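Undergrad: Structure incoming, see below.
The values are calculated or read from the model by the stated rules, or taken from the named source; none is laboratory data. Please read these numbers as outputs of a predicted model, since none were measured by experiment. Positions of Cβ are backbone-derived with ideal geometry, glycine not excepted, and every protein chain shown enters the neighbour counts.
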Amino acid sequence: MVRHLEDHDWHPVIFTVDPARMDGITDPWMLEIAGDRYEQIQTGCLDGRKTRKFGIGDLGLRMFVFLFFSLLKQARRRKPALILYPVPPWYIMVMAPFVKWLTGVPYAIDLIDPWIYKVDPRNRKARLSQWIARRLEGFVVKRSSAIFAVSQGILDDLAIRHPAIKKRQLVAVPYGVEASDFGSITIKKAIGAPVNIRYTGAISEAMLPVTDTLLQALKLVHQRHPLSVLFTGTSYAPKELARPVLQEQIGKHGLSPIVTENPLRVGYREALELSLGADIQLLFGDTTPYYAASKLMGLAASGQPFFAFVHRESFPFSFLEELNYPYRLGFLPQELGTPEKIEELATAILRAIDGKDKFQPIDTAHPVLAQYTADAMTKTFANTFKTITHD
């Protein structure tokens, strides 16, 4: 958004963690393509290597005090029209009402992922986190001026839990795409067998029933077309803590010879290079209908073939259906793992492989896709900002 906000009459000031204190990888190319039409304020953060000894790794908790006082100081000095809290990390939302009370500056929330979600009941730490979330979510959202989310389903669930927020601006804004990001990347694909299939991105617990079905389908596909399948960046954890997510499933289905998993996260440019170097890229969702698939618009604008296996009631499915995209298959959770669905999925993937050399890229000017560019996404945010600040 920082490339476009000034075109819509907003000047962005970004608060971020000192890179020396971050667990994640640095991404200089991301900074380069973001341009220079914004200000950046770096805050401190507790060292994750030390705080994990006490069971605290969450970035929102480690940066909380530093961000709170930095926001408070800058809000009092600059008197901004609005503060936007993009989450996760979710715990930073807790400071929002207090900063508002102390400065008078209204705030909005951007739910990139929902704060409340199902967790494995055996995971005591996750259960504690959700216990806290259920007690604090209402306190935060009821005092916001607007709530954005990457899917309407997240907003609908939120409104069920907190009916009072229906009086607020509730705006679904799926991830946009900056098509120019692909312009500076040139990839030379290998020709011939095996067919190169890739997925780049984290895999959550709710995705595992989907990946299990997908892997079984790929096993069937491999009987006809030799495959080389690569999953990259599957873990949410930082480098020293990242562990394979799919190892058990890969071993269970005897797919080790053809499926490779690299759990380490990669930078944005490398992610694009990995995807563009594939014969077929993969897109799959989880078992919830509100899953928004952050890579959806990027895949659509990439000019390369991809195969989508997503919830039939989700936005990605309806979006691809509206585009009449040929290589997609929807599912309902109860269908996952059934022999019929595995066979149907294998057949659909084979159809994508057979058609990959004749693939017709999606026109980025197509009206269905054009409304989800980064600029169009930014315009939606900016117009809502104007409404809630009466500018």
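Undergrad: Can you name every residue in the stretch 126-158 that is within 23 Å of the chain's Cα centre (by Cα) and more than 22 Å from residue 100 (Cα to Cα)?
TA: 126, 127, 129, 130, 150, 151, 152, 153, 154, 155, 156, 157
Undergrad: Same structure again: Can you pull out the residues in the stretch 301-352 that are surrounded by fewer than 20 Cβ atoms within 10 Å (Cβ to Cβ) and among the β-branched types (Val, Ile, Thr)?
TA: Once the filter is applied, which keeps residues that are surrounded by fewer than 20 Cβ atoms within 10 Å (Cβ to Cβ) and among the β-branched types (Val, Ile, Thr), the stretch 301-352 yields 338, 347.
Undergrad: Also, quick follow-up: Within the group 147, 154, 197, 203, which residue is surrounded by 15 or more Cβ atoms within 10 Å (Cβ to Cβ), touching a strand residue (DSSP E or B) at 6+ places or on another chain (Cβ under 9 Å), assigned to a loop (DSSP other than H, G, I, E, B) and β-branched (Val, Ile, Thr)? Even if it seems obvious, please write down each step before you answer.
TA: On the way: 147 fails: assigned to a loop (DSSP other than H, G, I, E, B); 154 fails: assigned to a loop (DSSP other than H, G, I, E, B); 197 fails: assigned to a loop (DSSP other than H, G, I, E, B).
Answer to the selection: 203.
Undergrad: Let me ask something else about it. What are the residue pairs meeting all of these: first residue in the stretch 108-131, first residue in the same structural domain as residue 82 (by TED's automatic domain parsing) and closer than 22 Å to residue 293 by Cβ, second residue part of a loop (DSSP other than H, G, I, E, B) and of a type in the set (A, V, I, L, M), Cβ atoms under 9 Å, and 6 or more apart or on different chains?
TA: That search, which allows pairs on different chains as well, returns 110/150; 110/173; 111/150; 112/150; 112/292; 113/150; 113/292.
Undergrad: With respect to residue 293, determine if the residue is part of a loop (DSSP other than H, G, I, E, B) and assigned by TED's automatic domain parsing to the domain that holds residue 347. Before the answer, list the steps.
TA: Details: part of a loop (DSSP other than H, G, I, E, B): yes; assigned by TED's automatic domain parsing to the domain that holds residue 347: yes.
Yes: the conditions hold for residue 293.
Undergrad: Separate question: Listed residues 226, 209; which is assigned by TED's automatic domain parsing to the domain that holds residue 259 and free of Cβ contacts under 8 Å to residues at least 40 places away in the same chain? Give the derivation first.
TA: Numbers: 209 fails: free of Cβ contacts under 8 Å to residues at least 40 places away in the same chain.
So the residue among 226, 209 that is assigned by TED's automatic domain parsing to the domain that holds residue 259 and free of Cβ contacts under 8 Å to residues at least 40 places away in the same chain is 226.
Undergrad: Okay, moving on. Just to verify a result, which residue in the stretch 294-312, among those that are touching a residue at least 24 places away in the same chain (Cβ under 8 Å) and touching a Gly at 6+ places or on another chain (Cβ under 8 Å), is farthest from residue 337 (Cα to Cα)?
TA: Our first condition is that a residue be touching a residue at least 24 places away in the same chain (Cβ under 8 Å); within the stretch 294-312, this holds for 294-311.
Narrowing the set further to residues that are touching a Gly at 6+ places or on another chain (Cβ under 8 Å) leaves 294-295, 297, 305, 309-311.
On the way: 294: 25, 295: 24, 297: 28, 305: 25, 309: 13, 310: 14, 311: 14 Å.
Ranking the qualifying residues of the stretch 294-312, first place goes to 297.
Undergrad: Looking only at the stretch 158-180, which residues are crowded, with 18+ Cβ neighbours inside 10 Å, outside any strand (DSSP E or B) and either β-branched (Val, Ile, Thr) or modelled with pLDDT of 90 or more (or both)?
TA: Matches in the stretch 158-180: 158, 165, 168, 173, 178.
Undergrad: Have a look at 354, 363 and point out the one that is in a loop (DSSP other than H, G, I, E, B) and either within 26 Å of residue 155 (Cα to Cα) or of a type in the set (D, E, K, R) (or both).
TA: Values: 354 fails: in a loop (DSSP other than H, G, I, E, B).
Going through 354, 363 in turn, just one is in a loop (DSSP other than H, G, I, E, B) and either within 26 Å of residue 155 (Cα to Cα) or of a type in the set (D, E, K, R) (or both): 363.
Undergrad: Of these, 26, 43, which one is surrounded by 15 or more Cβ atoms within 10 Å (Cβ to Cβ) and among the β-branched types (Val, Ile, Thr)? Spell out the reasoning first.
TA: Numbers: 26 fails: surrounded by 15 or more Cβ atoms within 10 Å (Cβ to Cβ).
Of 26, 43, the one residue that is surrounded by 15 or more Cβ atoms within 10 Å (Cβ to Cβ) and among the β-branched types (Val, Ile, Thr) is 43.
Undergrad: Test of understanding: among 69, 64, which residue is part of a helix (DSSP H, G or I), without any contact (Cβ under 8 Å) to a residue 40 or more places away in the chain and more than 23 Å from the chain's Cα centre (by Cα)?
TA: Details: 64 fails: more than 23 Å from the chain's Cα centre (by Cα).
Going through 69, 64 in turn, just one is part of a helix (DSSP H, G or I), without any contact (Cβ under 8 Å) to a residue 40 or more places away in the chain and more than 23 Å from the chain's Cα centre (by Cα): 69.
Undergrad: Just to verify a result, which residue in the stretch 220-279, among those that are among the small types (Gly, Ala, Ser) and farther than 30 Å from residue 47 by Cβ, is farthest from the chain's Cα centre (by Cα)? Outline the logic, then answer.
TA: Keep residues of the stretch 220-279 that are among the small types (Gly, Ala, Ser), which gives 228, 233, 235, 237, 242, 251, 254, 256, 267, 271, 275, 277-278.
When the remaining residues are screened for being farther than 30 Å from residue 47 by Cβ, the result is 228, 251, 254, 256, 275, 277-278.
Values: 228: 25, 251: 27, 254: 30, 256: 27, 275: 16, 277: 21, 278: 21 Å.
Among residues in the stretch 220-279 that are among the small types (Gly, Ala, Ser) and farther than 30 Å from residue 47 by Cβ, the one farthest from the chain's Cα centre (by Cα) is 254.
Undergrad: Which one is surrounded by the fewest Cβ atoms within 10 Å (Cβ to Cβ), of the residues in the stretch 51-106 that are among the aromatic types (Phe, Trp, Tyr) and in contact with a helix residue (DSSP H, G or I) (Cβ under 8 Å, 6 or more places away or on another chain)?
TA: Within the stretch 51-106, the first condition is being among the aromatic types (Phe, Trp, Tyr), and the residues that meet it are 54, 64, 66, 68-69, 85, 90-91, 98, 101.
From the residues that got through so far, the ones that are in contact with a helix residue (DSSP H, G or I) (Cβ under 8 Å, 6 or more places away or on another chain) too are 64, 68, 85, 90-91, 98.
On the way: 64: 19, 68: 18, 85: 22, 90: 24, 91: 21, 98: 13.
Looking at the filtered set, the residue picked out is 98.
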